1. Considering only residues of the range 144-172 that are among the aliphatic types (A, V, I, L, M) and not in a helix (DSSP H, G or I), which is surrounded by the fewest Cβ atoms within 10 Å (Cβ to Cβ)?
2. Filter the range 180-201 down to the residues that are in a loop (DSSP other than H, G, I, E, B) and in contact with a Phe, Trp or Tyr (Cβ under 8 Å, 6 or more places away or on another chain), then identify the one that is modelled with the lowest pLDDT.
3. Working only within the range 102-124, note down all residues that are surrounded by 15 or more Cβ atoms within 10 Å (Cβ to Cβ), of a type outside the set (Gly, Ala, Ser), in a loop (DSSP other than H, G, I, E, B) and modelled with pLDDT under 85.
4. Quick one: would you say residue 36 is farther than 16 Å from residue 114 by Cβ, free of Cβ contacts under 8 Å to residues at least 40 places away in the same chain, part of a loop (DSSP other than H, G, I, E, B) and not β-branched (Val, Ile, Thr)?
5. What is the residue count in the range 39-69 for residues that are touching a residue at least 12 places away in the same chain (Cβ under 8 Å) and either aliphatic (A, V, I, L, M) or in a helix (DSSP H, G or I) (or both)?
6. Could you say whether any residue in the range 125-143 is surrounded by 18 or more Cβ atoms within 10 Å (Cβ to Cβ), at pLDDT 90 or above and closer than 25 Å to residue 2 by Cα?
7. Pairs needed: first member in the range 126-142, under 19 Å from residue 193 (Cβ atoms); second member anywhere, at pLDDT 70 or above and acidic (Asp, Glu); C-beta distance under 9 Å; at least 6 residues apart or different chains.
8. Which number in (1) under 17 Å from the mean Cα position of the chain (by Cα); (2) part of a loop (DSSP other than H, G, I, E, B) marks the one condition that residue 18 misses?
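The values are calculated or read from the model by the stated rules, or taken from the named source; none is laboratory data. Everything numeric here is computed off the predicted structure, so don't read it as measured data. Every residue, glycine among them, receives a Cβ derived from its backbone with ideal geometry; neighbour counts consider all protein chains shown.
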Amino acid sequence: MMHPSTELRFVNEEIGVGVFATEFIPKGTIVWILDDLDIILDDEYVESLDEFRKETIYKYSYEDNDGKYVLCWDHARYMNHSFDPNCIDTAYEFELAARDIYPGEELTCDYGTMGYDEDFTCVPKEGTSRTRVMENDYLTCYVEWDEMAREAFKYFNKVEQPLKHLICKEFVDKVNAVACGHEPLDSILTIFVEDSEQDEFKE
């Protein structure tokens, strides 16, 4: 579910539509969270669909840890990619505002955090050398993503959190501990690899 202070707006002919803030959303706010209205589909079912629906699912969904496709039920599915995003993913099935987001500003995320299984070229962004989202971006970008999430979490308890009640029970204690500075943030790597394998990638 997207933050309630957002709406769908037209961006341009090349991009189409995107998600925009209707009110100020401060850094550290949960801007999107997986909830029980989101549609979870397995690959076998998606492949059984007609071409139009199949392509729509592949375009607007993302693949979770279990290899299932998650189709957001609200306008979250239209959130666009940026190599300099103002929202950052976490290992807790929600995204945070990585910086203050102002009314009329588009909310963006880095599609690399979603583990796409195909590379694709994106609109270039000033200040970054990346021009393509790669299926293994997590190998080179996780340090940057973790730092963005860590910085955002410093504000978690200082801002209003209208979506906090939707945090999965599995993560509530950990999220509270991280927000209070009592435990370290789990790396975004946990989305892609088992805990036992993380040290191998960090060497």
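1. Across the range 144-172, the extreme among qualifying residues is 159.
2. Across the range 180-201, the extreme among qualifying residues is 193.
3. Hits for the range 102-124 are 116, 122.
4. Details: farther than 16 Å from residue 114 by Cβ: yes; free of Cβ contacts under 8 Å to residues at least 40 places away in the same chain: yes; part of a loop (DSSP other than H, G, I, E, B): yes; not β-branched (Val, Ile, Thr): yes.
Yes; evaluated as a whole, the condition is true for this residue.
5. Narrowing the range 39-69 to residues touching a residue at least 12 places away in the same chain (Cβ under 8 Å): 39-43, 46, 57-58, 60-65, 67-69.
Restricting the remaining residues to those that are either aliphatic (A, V, I, L, M) or in a helix (DSSP H, G or I) (or both) gives 39-41, 43, 46, 57-58, 60.
Residues in the range 39-69 being touching a residue at least 12 places away in the same chain (Cβ under 8 Å) and either aliphatic (A, V, I, L, M) or in a helix (DSSP H, G or I) (or both): 8 in total.
6. yes
7. So the pair list comes out as 133/110; 137/110; 141/110.
8. Condition (2) is where residue 18 drops out.
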